[in-house]
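First the structure, in the form of structure tokens, and then the observations on it.
The values are calculated or read from the model by the stated rules, or taken from the named source; none is laboratory data. A quick note: this is a predicted structure, and the numbers were derived from the prediction, not measured. Counting neighbours? That spans all protein chains shown, and the Cβs are built from the backbone with ideal geometry, glycine included. For accessibility, only protein heavy atoms count, side chains too; no ligands or nucleic acids. Shrake-Rupley method; radii C 1.70, N 1.55, O 1.52, S 1.80 Å.
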Amino acid sequence: VTERARIGVVGPNGGGKTSLLRVLIGEQEPNGGQAFRANGVRIGYVQQTSEALTGGTLKDEVMLAFREIAGLEEALATSALEVQRAGAGDRRSAERRYSSLVERYERLGGYDYHNHMERVADGVGLTPEVLQTPAALASGGERTRAALARALLADPDLLMLDEPTNYLDFKGLAWLETFLGKFSHAFVVVSHDRYFLDRVVDQVWELDHGRLDTYRGSYTAYRAQKAEREVLQHKEYQRQQEFIAREQYFIDRYRAGQRSRQAKGREKRLTRMARVEAPHRQGQAISVANVGTSRTPRVVLKTEDLRVGFVENGRRVE
């Protein structure tokens with residue numbers, strides 16, 4: 001993952017996309033190989049479903065992004081008292097320390113972080129009223145939006161998003177696309193939303209059947225490249241299968257005859273030959289005629305007081 005990378009991860013459900021993200025951030029050990037992370041790299045990770053991190057409100061959850069600024073505010077207050085109490089000999093040193101803290105506070109956006117938080121929270125669909133909801137009582141979608149806001153506000157060097165569009169409405173989706181378009185660092189996003197990927201990524205990783213293939217460009221470009229690769233792979237596979245069939249015919253025919261040495265030589269070469277993998281065929285396609293598909297702000301399904309989930313060990317899981 002290079003600096004300012006814009007990577008989309010696609011693949012079938014259960015193919016290992018979430019596990020891949022967890023390996024990249026160090027939450028899960030790989031079965032083989034190694035994952036290398038640059039020293040000091042700051043990683044933000046938003047899961048598909050998020051648990052509350054604090055016993056407070058959703059706003060408290062979001063404000064965790066500003067822990068460094070909050071710590072600086074305490075340090076500034078302490079440093080200001082030290083300047084007031086310092087004697088003539090120590091005053092200059094205390095003032096230098098206070099000035100250094102102020103510069104760092106300004107660099108981190110300390111004077112504007114509350115407004116910044118409100119803009120990002122509004123962008124992901126968290127109103128001021130929703131922000132006051134106790135995190136433990138918030139829905140899974142609200143907690144995930146809070147986790148997304150927290151990760152975006154932390155401005156990490158690498159942002160990892162697992163299906164971020166699942167809990168966003170049309171307005172929130174458009175806002176996230178704009179945000180990622182201006183994001184100054186790298187991000188890796190898992191998504192099934194092809195329109196979203198077309199707008200935000202310039203590289204696609206496809207994880208399927210235990211194999212990771214990379215493609216340059218948008219989701220649309222990936223689909224075109226994948227189709228070309230499949231055609232070439234199918235041709236190579238067919239050619240090799242025809243060659244193997246001819247060689248095997250010769251081996252079977254002359255294994256015990258005068259040309260047995262040639263047959264054994266061909267058998268050894270056939271055994272050592274690298275095989276072209278057969279193209280993976282997707283399930284049977286369903287064709288629906290005269291139907292156009294596109295993203296739309298129109299309401300296509302509306303429910304009231306709907307809950308989806310189950311109860312496990314006395315706890316509601318949504």
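For this structure, a couple of remarks:
- Charge tally in the Cβ shell below 15 Å around residue 79, where Lys, Arg are +1 and Asp, Glu are -1, residue 79 excluded: -1
- Here's how it looks for residue 57: its modeled amide H is under 5 Å from those of 135, which are all 5 or more places away or on a different chain.
- Pairwise Cα distances in the chain exceed 29 Å in 56 percent of cases.
- Full extension of the chain between residue 224 and residue 307 yields a length gain of 25.9 nm, computed as 0.36 nm times the residue separation minus the alpha carbon distance.
- Calculated mean residue ellipticity at 222 nm for the chain: -15000 deg cm²/dmol, from DSSP H runs with n ≥ 4 weighted as -39500 (n - 2.57), summed, divided by the residue count and rounded to 500.
- Choice from 144, 78, 54 with maximal GNM fluctuation in the chain (Cα, 10 Å cutoff): 78
- The residue list 308, 63, 240 was ranked by how far each Cα lies along the charge dipole of the chain toward its positive end, using unit charges on Cβ atoms, and 240 comes out on top.
- Amide hydrogen proximity for residue 208: with H placed 1.01 Å from N in the peptide plane, the residues at 5 or more positions away or on another chain lying under 5 Å are 213.
- Once the Cα atoms are used to define both axes, helix 170-182 deviates from the longest principal axis of the chain by about 90 degrees.
- Choice from 189, 120, 130 with maximal GNM fluctuation in the chain (Cα, 10 Å cutoff): 130
- Efficiency of FRET from Cβ geometry, residue 74 and residue 209, R₀ 41 Å, rounded to 0.05: 0.20
- For region 61-66, 3J(HN,Hα) per residue [Karplus equation, 6.51 cos²θ - 1.76 cosθ + 1.60, θ = phi - 60°, Hz, x = Gly/Pro]: 4, 5, 5, 4, 5, 10
- At a probe radius of 1.4 angstrom, the accessible area of the chain per residue rounds to 66 square angstrom.
- Applying the Karplus relation 6.51 cos²θ - 1.76 cosθ + 1.60 with θ = phi - 60° to region 268-274 yields 3J(HN,Hα) values of 5, 4, 5, 5, 7, 5, 5 Hz, where x marks Gly and Pro.
- As a length-normalised measure over Cα pairs under 8 Å and 6 or more apart, the relative contact order of the chain settles at 24 percent.
- Distance between the pseudo-spin-label points of residue 13 and residue 119 (7 Å out from Cα toward the beta carbon): 3.8 nm.
- The phi-based Karplus calculation (6.51 cos²θ - 1.76 cosθ + 1.60; θ = phi - 60°) puts the 3J(HN,Hα) values of region 225-234 at 5, 5, 4, 5, 4, 5, 5, 5, 5, 5 Hz, whole numbers, x for Gly and Pro.
- In plain terms, the chain from residue 275 to residue 67 could stretch by 69.4 nm, reckoned as 0.36 nm per residue minus the Cα-Cα distance.
- 18 Å Cα-Cα reach of residue 59 towards aspartates and glutamates, excluding residues that sit fewer than 8 places from it in its own chain: 51, 68, 112, 118, 122, 129, 142, 155
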